[in-house]
Structure formats: structure tokens, C-alpha cells
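*Asks:* Structure in C-alpha cells, see below.
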Amino acid sequence: MSEATKPTLDHPNFAVLKALFPMRKFKATEFRGESTLIVEPTDLHDVLAACKNDAKLNYNFLSDVVGIDYLNYPTPMPGRFAVVYIIESFSREDRFYVKTFLNPSIPTDGIVDDPALHIRSACDLWAGAEWPEREVFDMFGIRFDGHPDLRRILTWEEFPGHPLRKDYPVRGRGERESYRMVDRTTA
């Protein structure tokens, strides 16, 4: 890649956040004009609070919280799971991604609570974080400490695992056997 086509990480948020947190380890990426800051799980809440409360950043809207499972991803990643907060500044019409990686500490199918899959909730910053964090918990098993109502949202409370994990069987773990099959002729 020539020097002229090499991407530059010139989003102003990177410099502001590095100045606010000079001793923290950050990584930054840009892809197709979208900027992502990668932070340590312990730094996530502080960085999100700065993004919301600092006048230079002023990210006043949480658009979404998503989970990603990088199991068997072709490129090595810093952790198996990622949690991404998508935040927006209405005054600048700017979208920014704050991402953290989590690595399971025990081999589990998601039924046992893994202490390494805990991060601090952002519900105290944005009330709108409540439902998307519950969805990430339900689908991936990542727990959000300090969440006001962390319970399953898409599956029932006794559901055996977390269905968007890549090691979850495509056909399920037997939970479908008790349901009557419906096809085109009986529907």
C-alpha cells in the first residue's frame, strides 16, 4: 500500500480521548469512514461517560449495543467476544463506535456464569441501553454489572445457553422437540 493510499486515523475523537485518558491503552480503526475506538473492558464505562459528558465529544444518543462472537474467525482477534456501543452526536451528525473484547476464562456453553464475561452497564449513562444490553446478555451470555433488570428478553428464563454463540448447535439442544412441527400442508 503506497503512502498516498494508506488510511489515516484522523477522527478528532481519538486525540480528545487520548488526552483525557493518557495512561490507558486504546486501539483505533477506521473502515469506510466509520471510526471505532477499541478499549479494555475495565475502561469501557469511563470512556463512554467521557464520550457523553465531554463538551468536545458530546455523544448524546446511544444508537445500539451489539455483541459479536469471533469464534473461528479467520484473523486472530484480541478476544472471542466483542461488545460494541454505537453512539451518535446530534449536533455534529457524527457516529462513533466504542468496542471492547472479552475472552472466556472457563470452557462453558454459556450456562455457567463466567466471571470474565462481565462488563459495567451503560444504563446509568443512557437509559436506552437497557434493552440492547439485555439482548446481548440473552444471545451471547455477556453480563452487564449494574444493569437495573438483567434478564432474558428473547428466550425464556430457563433457556439452555445463548443461541448467537457460534458454538451453539444450529438445530438447538433439544428445546424444539416438544413443539409440533408445522409444514405447508398443516399450516
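*Asks:* Among the residues of the stretch 18-43, how many are of a type in the set (G, A, S) and surrounded by 14 or more Cβ atoms within 10 Å (Cβ to Cβ)?
*Replies:* Residues that pass the stated criteria total 2.
*Asks:* Return the residue satisfying two criteria in turn: it lies in the stretch 65-78 and is surrounded by 15 or more Cβ atoms within 10 Å (Cβ to Cβ) and not hydrophobic (A, V, I, L, M, F, W, C), and of such residues it is nearest to S121 (Cα to Cα).
*Replies:* Out of the qualifying residues, it is G67.
*Asks:* Taking the residues in the stretch 87-109 that are charged (D, E, K, R) and either assigned to a loop (DSSP other than H, G, I, E, B) or within 13 Å of the chain's Cα centre (by Cα) (or both) as candidates, determine which candidate is surrounded by the fewest Cβ atoms within 10 Å (Cβ to Cβ).
*Replies:* The selected residue is E93.
*Asks:* So, in the stretch 110-149, of the ones that are touching a residue at least 40 places away in the same chain (Cβ under 8 Å) and within 13 Å of R165 (Cβ to Cβ), which residue ends up surrounded by the fewest Cβ atoms within 10 Å (Cβ to Cβ)?
*Replies:* The extreme case among them is I111.
Rule-based calculations on the coordinates, nothing more; no lab input. For clarity, every value in this text was computed on a predicted model and none was experimentally measured. Neighbour counts run over all protein chains shown; Cβ positions are idealised from the backbone, glycine included.
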